[in-house]
Amino acid sequence: MRTAYILLLCVLGAAMLSTVTCENSRGLDSCCFSYHLRRIKKDLVSSYFVTDNRCTKPGVVLVTKQSRRICADPSLSWVEGIMKDIDEKSF
């Protein structure tokens, strides 16, 4: 009977731990499913981040000074220029 209580306690502990772990993990919330087609001025972009490698399409999310998020194709030269400019400003 005591073994059953220990087993039940272990199962409940594992269930509680898994819910905490799931809430803290970063999901695929920031994937790009389509790209912004027009060029954006460098002055409007305040930061950027690269989407997760588990996303179906690679992408860069450009964050404007108005906190708007815009998905862009990371292989385009103007996107690479914005990323390089922001990286140089941060150093």
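What to note about this one:
- Considering only residues in segment 25-47 that are modelled with pLDDT of 90 or more and of a type in the set (G, A, S), the one that is nearest to the chain's Cα centre (by Cα) turns out to be S47.
- In segment 71-89, the residues that are without any contact (Cβ under 8 Å) to a residue 40 or more places away in the chain and closer than 15 Å to T56 by Cα form Cβ pairs under 9 Å with partners that are surrounded by fewer than 11 Cβ atoms within 10 Å (Cβ to Cβ) and among the small types (G, A, S), at six or more places apart or across chains, as follows: C71/S34.
- Residue among C10, C71, C22 that is at pLDDT 95 or above and not in a loop (DSSP other than H, G, I, E, B): C71
The values are calculated or read from the model by the stated rules, or taken from the named source; none is laboratory data. Keep in mind the model is a prediction, meaning the values are calculated, not measured. Methodologically, a virtual Cβ is constructed for each residue, glycine included, from the backbone with ideal geometry; neighbour enumeration extends over all protein chains shown.
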